[in-house]
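Engineer: Got a structure for you, written out below as structure tokens; questions coming shortly.
The values are calculated or read from the model by the stated rules, or taken from the named source; none is laboratory data. Here the structure is a predicted model, which is why all the values come from computation and not from measurement. FYI the Cβ positions are ideal-geometry reconstructions off the backbone, even for glycines, and counts take in every protein chain you see.
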Amino acid sequence: MDQEEPKIIVKVKSQAAGSSMLFRINPATQLRKLMLSYCYWNELVVDDVGFSCNGRNLHRDDTPKLAKMEEGDVIDVVPIIYLEAPKKICVFVKNFVCDTLVNQLAPE
């Protein structure tokens, strides 16, 4: 008989407001549930914030196990800022900037 992994407690902390909440979550549960709950209690729109842990961006279908999260880890919440699409597109590849893609998506 398979034993269920013990739940872990993680802290979800807002970088903007400085507030935090503790969540107890099963390592196999998708983080979607935690993200939606955090946003509900803090009156946020889930698409307007990003979540990261240990330098890794978290996605809704990730699980704590997949993200290698451990007891006591901190999930950072940061607002996502949407910018207007530029006319000149730059591609970043390992700190190398190549701006040969000019006006391909937004011709003048």
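Engineer: If you take the residues in the range 47-77 that are under 10 Å from the mean Cα position of the chain (by Cα) and of a type in the set (Val, Ile, Thr), which one is modelled with the lowest pLDDT?
Structural biologist: Step by step, filter the range 47-77, then rank; the result is Val49.
Engineer: Continuing with the same structure: Which members of the range 30-49 meet the condition of being surrounded by 16 or more Cβ atoms within 10 Å (Cβ to Cβ) and within 17 Å of Ser20 (Cα to Cα)? Before the answer, list the steps.
Structural biologist: As a first pass, look at the range 30-49 and keep what is surrounded by 16 or more Cβ atoms within 10 Å (Cβ to Cβ): 30-31, 34-35, 38-39, 44, 49.
Hits for the range 30-49 are Leu31, Leu34, Met35, Tyr38, Cys39, Leu44, Val49.
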